[in-house]
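Written below as structure tokens is the structure these notes are about.
The values are calculated or read from the model by the stated rules, or taken from the named source; none is laboratory data. This is a predicted model, so every value here is computed, not measured. So basically every Cβ, Gly included, is an ideal-geometry build from the backbone, and we count neighbours across all protein chains shown. Surface areas here come from the heavy atoms of the whole protein model, side chains and all, with no ligands, DNA or RNA. Shrake-Rupley method; radii C 1.70, N 1.55, O 1.52, S 1.80 Å.
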Amino acid sequence: VVDLGCGAGAVSEALRATLGKDRQLVGVDASAEMLADARGRYDDLVQADIATWQPETPPALIFSNAALQWLGDHEVLLPRLAATLTPGGVLAVQMPHQNDAPSHRTWLHLAHELFGVEPDDVPGILEPAAYHHVLAPLGEVQLWETTYFQALAPSDDGHPVRRFTEATFARPLLRSLDPERRAALIAACDAAMAGAYPASEDGSVLFPFQRLFFTVRV
């Protein structure tokens, strides 16, 4: 079993509990720091770019949680990953599907409106129908979406949704800007998020976050 983009191993215990302790669990990540934190959670750890990683032995399961959205060319990537599985093996993927929501779209809109910036390295995924089109020729597909409601705590440093997305979706965009532009974009996003996601009296926000799931058995 391969945990592709394993990070510090947050899902390793759940994978073992679900699949049984007799499975060899391999964590794959590009970050040496993350793999250091994951040590002891997996039977083996591999430092590799998950965009080009190839297993030495065909896995029974490739599991990827909130990682593949950072990669492009899913029309090529997913068939390549599925082709590495043993016959009857499963590719199981979860990714955020929030790019059309105000929490994510606002960053790109304001960056373009304020600075003419159109970043090409922010997380992005296909529409569900496009994934079905890519995956259906590979095997038995299941595809679904779930909206989770996350209670974001009040923040003294801006709107909670802006703070949440700044650390994930908007990170590449903010990294590309100089400090002055970065501060201006953050201030504009705070104002926009306040309109899209009104805070409760205590400053907290109930934030709807949609995630896309699919499995394909080859």
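Can you tell me the FRET efficiency between residue 194 and residue 10 if r is taken as the Cβ-Cβ distance and R0 is 30 Å, rounded to the nearest 0.05? Each step should come with its number before you reach the end.
Values: r = 31 Å, r/R0 = 1.02.
My answer for the efficiency is 0.45.
Would you mind checking the tilt of helix 179-196 against the longest principal axis of the Cα atoms of the chain, expressed as 0 to 90 degrees and rounded to 10?
The angle comes out at about 90 degrees.
Given N residues in segment 1-127, what is its alpha carbon radius of gyration divided by 2.2 N^0.38 Å? List each step's numbers first, then the result.
Details: Rg = 16.6 Å, N = 127, 2.2 N^0.38 = 13.9 Å.
Normalised by 2.2 N^0.38 Å, the Cα Rg of segment 1-127 equals 1.19.
In whole Å, what is the distance between the alpha-carbon centres of segment 147-218 and segment 45-100?
Answer, in whole Å: 26.
How many percent of all Cα-Cα pairs in the chain sit more than 23 Å apart?
On the way: 12713 of 23653 pairs.
Result for the distance tail: 54 percent.
At 1.4 Å probe radius, can you tell me the per residue accessible area of the chain in Å²? Walk me through the numbers on the way to the answer.
On the way: 11390 Å² over 218 residues.
Normalised by residue count, the accessible surface of the chain is 52 Å².
I want to check the label-to-label distance for residue 129 and residue 56. Put each point 7 Å from Cα in the C-beta direction and report it in nm to one decimal.
4.5
Could you compute the FRET efficiency for residue 118 and residue 33, with r as their C-beta to C-beta distance and R0 at 35 Å, rounded to 0.05? Present the calculation step by step, with values, prior to reporting the outcome.
Values: r = 31 Å, r/R0 = 0.88.
About 0.70, to the nearest 0.05.
Could you tell me how many degrees, from 0 to 90 and to the nearest 10, lie between the Cα long axis of helix 74-83 and the main elongation axis, the longest principal axis, of the Cα atoms of the chain?
So the helix axis and the longest Cα principal axis differ by about 20 degrees.
Taking a quarter of the surface of the convex hull around the Cα atoms of segment 80-184, what do you get in nm²? Could you put the intermediate results ahead of the total?
Numbers: hull surface 35.8 nm².
Across all orientations, segment 80-184 yields a mean hull projection of 9.0 nm².
Rule-of-thumb check for segment 58-107: C-alpha Rg over 2.2 N^0.38 Å?
On the way: Rg = 13.6 Å, N = 50, 2.2 N^0.38 = 9.7 Å.
Cα-based Rg divided by the globular estimate yields 1.40.
Relative to the longest principal axis of the C-alpha atoms of the chain, give the angle of the C-alpha long axis of helix 102-115, reported between 0 and 90° and rounded to the nearest 10°.
Roughly 60 degrees, rounded to the nearest 10.
Restricting to DSSP H runs of at least four residues, report the calculated mean residue ellipticity at 222 nm for the chain, -39500 (n - 2.57) per run over all residues, nearest 500 deg cm²/dmol. Don't skip to the end; give the middle numbers.
Details: 8 runs with 77 residues, N = 218.
One gets -10000 deg cm²/dmol as the mean residue ellipticity at 222 nm.
For residue 75, project a label point 7 Å along Cα to C-beta. Then give me every residue of segment 86-106 with its amide nitrogen under 14 Å of that point.
Under cut-off, by backbone N: nothing.
Could you work out how much longer the chain between residue 149 and residue 49 gets when fully extended? Use 0.36 nm per residue separation minus the Cα distance between them, nm to one decimal.
On the way: separation 100, 0.36 × 100 = 36.00 nm, distance 3.17 nm.
Computed gain between residue 149 and residue 49 is 32.8 nm.
How large, in percent, is the carbon and sulfur part of the accessible surface of segment 76-218 at a probe radius of 1.4 Å? Kindly include the intermediate steps, with their values, before the conclusion.
Values: 3990 of 7300 Å².
Of all accessible area on segment 76-218, carbon and sulfur atoms account for 55 percent.
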